[in-house]
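Enquirer: First the structure, which I've put down as C-alpha cells, then a few questions once you've had a look.
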Amino acid sequence: MEYTLGLALIDYIPNIAFLIGSFFLVRTVMLVRGKPCSRMCMAGSFLVFSGGILKATWKLIYTLGIADIQWMSQIQFVLLAPGFLALLVTVILLARGRRKAAAPPIMAIAGWKIPLLAVMTLSSLGAQGILTFISFKRKAPLAASLFIVAVLCMLGMSGMASGSEQTVAAQWIEEIMNSIGQISFGVACWLLYRNYAAEMTS
C-alpha cells in the first residue's frame, strides 16, 4: 500500500486528540466514580492510544523506508478492542451516577482481527453513544453534538474501509475524517469535564 510523508504525519493528530480527550474523560470519571473506575478508564485509554500511536509510527518509518515492522501495525487490533471495551464499561458506570464502584475485570480476548474489530467498533460506538446521552442529560448540548460528530466520523471511516480501493486520496479523506472525529471527542470530553467540575464546586 502506498503512503506519503504527509499522510503518515497526519496520522499522529487523531492520536494526540484522543489522548487529550481521554485525559479529561479520566478526570471526569475520577470526579463521579472515584479511583477504581478512573484507573480502568486510564488503562483503556492507554491501550487505545498505544495501538494508534504504534500504527502511526509504523506508517512513518515505513514511509521513510527505514523498516517494515509489521507487529507495530497489527497489534493495533489487539490493543484497541480491550481498550474500547474498558472505556465502554467505565462510561456505563459514569452514566449510573455518583456511586463508588470497584472496576470490573477486563474481559479476555479470543480470536483475531474480525472479532477484535467488532468488539472495538461496538465498544467505541457504545461508549460515545452513552457519553452523548450523558451530555444531553446534563444540558451540555455542544459536548453532545461533538460526540455525535465523532460517531459519524467513525461510521464514515468504517464505510470507506469496507468500500472501494484504498487509494492515497481515499486515505487522506479517512485521516482527515479521523482527525475531525478525535478532535471532536477531545473537545467534548473537556466540555463534559467542565460541566461535572462546575457542579462539584458549586
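The values are calculated or read from the model by the stated rules, or taken from the named source; none is laboratory data. Worth saying up front: this structure is predicted, and the values here are computed from it rather than measured. Methodologically, a virtual Cβ is constructed for each residue, glycine included, from the backbone with ideal geometry; neighbour enumeration extends over all protein chains shown.
Enquirer: Just give me the residues in segment 154-193 being surrounded by fewer than 16 Cβ atoms within 10 Å (Cβ to Cβ) and modelled with pLDDT of 80 or more, in sequence order. Lay out the reasoning, then the answer.
Expert: If we filter segment 154-193 for residues that are surrounded by fewer than 16 Cβ atoms within 10 Å (Cβ to Cβ), which is where we start, we get 155, 158-170, 172-173, 176.
Passing the criteria: Leu155, Trp172, Ile173, Ile176.
Enquirer: Give me the residue from segment 126-155 that is among the β-branched types (Val, Ile, Thr) and in contact with a Gly (Cβ under 8 Å, 6 or more places away or on another chain) and, out of that set, farthest from Leu85 (Cα to Cα).
Expert: Val149
Enquirer: Would you mention how many residues in segment 53-82 are more than 16 Å from Pro14 (Cα to Cα) and either crowded, with 19+ Cβ neighbours inside 10 Å or in contact with a strand residue (DSSP E or B) (Cβ under 6 Å, 6 or more places away or on another chain) (or both)?
Expert: Number satisfying all stated conditions: 5.
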